[in-house]
Amino acid sequence: MKKVLFAVTVSVTALFGFAEVPQAHIYRNDGGFNRLEGAVGATHSDDGGAKTIHFSSNGESLSIEAGVIDRIDLRTVAVPRIHISVPSAPGLPQIVEKEEYLDAEISMDGNGYADDLDLTGVRVKGRGNSTWWFPKKPMRLKFDKKISVAGMTEAKSYVLLANYIDPSLMRNTMAMWIARELGIAWANHIVPCEVTFNGNDLGAFMLTEKVGINGASVNIEETEGILLELSDEFDEKYKFYSATYNLPVMVKDPDFDELAADDPSWGTPEENLAAWQAEFESAERLVADGRGFEAFDLDSFVDYLLLYNIVLNSEIGHPKSLYLHKVRIGDDCKWQCGPVWDFDASFNLSEPADGGSFRPRPAVNGLWLNEMFEKLTKTPGFMERYKERFAEFQTDIYPRMLEFFDEYAELVRPSAKVNGRIWPADSDTGWCFAINSFNHETHAGDLRKWLVERVAHLATLAANNRIR
């Protein structure tokens, strides 16, 4: 899904006449920003020696003093725009319910980044745990049949991430990109987009797959395998606290009730939960005995932990949103880590500091691990393989990561400015500080600098046989 961003910076005089482009972005030296779309034209006039530029686009007009204009970018590729409407509640400004779906219609303008999506029926509801309580609501989309959106594998369900606390609009994207480059199983794709809901602009979102057992996510046989989520939310129907490490383990997929109803020979949900609990707790005991990689795949664990260490996602410690999967019960296959999920509270998150203030999370901070994962890092074979994989990351993936970072930052920058106007943020959420995305050049630059410092720090640690 790699897209080539083509943007040309032009002078005002070069724009006189008309240019047919998805978007024209006017960057201003007075702190403002304007976006025009479609056939963009410009003329000028002089009033007492002060030149004014008159822009027109799609029937709209805009006049700006010439001296205020810093540069104009014409884009052949822009982030897609998703339009969602709810006929039964046309006055609803955004989704407000996460328990019940609303019948809706959806379409998407691909803007050269993805294929358009014609108007089609969909159901929509809110989603998320801590992110649900922010002013800007994340959403889940559910179609009646499998459909490919923005080039992703056909699926019924998709997710729109709101990124309210990420002023760079890049944390989830960068984490998923690194995950795919490391070869972590079933890493999601991220499609940056803007969302209009009942005609109300909601700003920047990320479209991605819904994590679960399906062809677009964890592609294993649901009658034999399982996807577990370790999370202190502990809010799924079938769940248990593990015997050795007291981990909150939930069955994310498959739907035990549905499988039992479809085929009584499969067994009851309670029987299958007991079988999988025994399977997991057997693996736990091996971990405690220093034999964890007889039950957990070494390479899978190393890559998973390396990603979380690079981006400093300490939700691996709670644990929260931590996924493990296994293709079947038995000693002939091992537990695999993945997919990865939820990187809002990672990287240089603005977190509480002394005196009631906030600060960016330092790049030299140590990664918090849950007790079972901590034990796995002390198991023979881990450190040698971790150092090998980090060296491979540093040599091959890291330079390409910085290239991708710069390209993606340029792609989403106009969207970040529009988003910053819609969601002023700059507020205390209780556990972090939500920062406005308008000054995206600064926020992206801060994140890039943090990543460079983080990788350098991890390199020093690895040279001393340490992960933190």
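Summary table
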| read-out | value |
| --- | --- |
| Glu403 versus Asp30: modelled label distance in nm, points set 7 Å from Cα along the beta carbon direction | 4.1 nm |
| Furthest towards positive pole of dipole, Ile220, Ser88, Gly59, structure part the chain, Cβ charges | Gly59 |
| Heavy atoms of Arg328 accessible to a 1.4 Å probe, total area in Å² rounded to 10 | 90 Å² |
| Cβ-placed point charges (K, R +1; D, E -1), dipole of the chain about Cα centre in debye, nearest 20 | 1160 debye |
| Of all accessible heavy-atom area on the chain, the percent that carbon and sulfur account for (1.4 Å) | 47 percent |
| For the stretch 147-229, size of Cβ-based charge dipole, Lys and Arg +1, Asp and Glu -1, in debye | 180 debye |
| Over the chain: helical MRE at 222 nm, DSSP H runs n ≥ 4 each giving -39500 (n - 2.57), nearest 500 | -8500 deg cm²/dmol |
| Net charge dipole size for the stretch 381-468 [Lys, Arg +1 and Asp, Glu -1 on Cβ; Debye, nearest 20] | 220 debye |
| Dipole of the chain [Lys/Arg +1, Asp/Glu -1 at C-beta], most positive-end residue of Ser437, Ser282, Asn29 | Asn29 |
| On Cα atoms only, tilt of 298-311 relative to the major axis of the chain in degrees | 40 degrees |
| Charge tally in the Cβ shell below 11 Å around Glu181, where Lys, Arg are +1 and Asp, Glu are -1, Glu181 excluded | -1 |
| Highest-first arrangement of 299-306, 193-200, where packing means the average Cβ count within 10 Å | 299-306, 193-200 |
| Residue order for Ile220, Ile316 - accessible surface, 1.4 angstrom probe, largest first | Ile220, Ile316 |
| Cα centroid separation - the stretch 231-294 against the stretch 325-376, whole Å | 21 Å |
| Using a Förster distance of 35 Å, the FRET efficiency for Asp426-Leu286 (Cβ separation, nearest 0.05) | 0.10 |
| Gain in span if fully extended, Leu62 to Ala275, counting 0.36 nm per residue against the direct Cα distance | 70.0 nm |
| For the stretch 155-262: lysine pairs under 14 Å (alpha-carbon distance), excluding those fewer than 8 apart on one chain | 4 |
| Exposure ranking of Trp266, Trp335, Trp177, Trp368 by accessible area [1.4 Å probe, largest first] | Trp368, Trp266, Trp177, Trp335 |
| Cβ-based charge dipole, the stretch 313-357, positive-most Cα from Ala353, Gly338, Gly317 | Gly338 |
| Exposure of Cys333 as accessible area (Å², to 10), given a probe of 1.4 Å and all protein chains | 20 Å² |
| Accessible solvent surface per residue of the chain, calculated while the other protein chains remain in place, 1.4 angstrom probe, Å² | 42 Å² |
| Positive minus negative residues near Tyr304 (Lys, Arg vs Asp, Glu; Cβ under 11 Å) | -2 |
| Added length on full extension, which subtracts the Cα-Cα distance from 0.36 nm per residue, Glu99 to Glu236 | 48.0 nm |
| Solvent-accessible area of Met174 with every protein chain in place, 1.4 Å probe, in Å² to the nearest 10 | 0 Å² |
| Gain on full stretching of the segment that runs from Thr52 to Trp266 - 0.36 nm per residue minus C-alpha separation | 69.6 nm |
| Heavy-atom accessible area order for Arg28, Arg81, Arg171, largest first, 1.4 Å probe | Arg28, Arg81, Arg171 |
| Formal net charge of residues neighbouring Asn29 (Cβ-Cβ distance under 10 Å; K, R +1; D, E -1) | 0 |
| FRET efficiency for Thr76 and Thr43, using Cβ-Cβ distance with R0 set to 35 Å, rounded to 0.05 | 0.90 |
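The values are calculated or read from the model by the stated rules, or taken from the named source; none is laboratory data. Remember, it's a predicted structure, so these values are computed and weren't measured experimentally. Positions of Cβ are generated from backbone atoms using ideal geometry, with glycine treated the same way; all protein chains shown enter the neighbour counts. Calculation scope for accessible area: heavy atoms of the full protein, side chains included, ligands and nucleic acids excluded. Shrake-Rupley method; radii C 1.70, N 1.55, O 1.52, S 1.80 Å.
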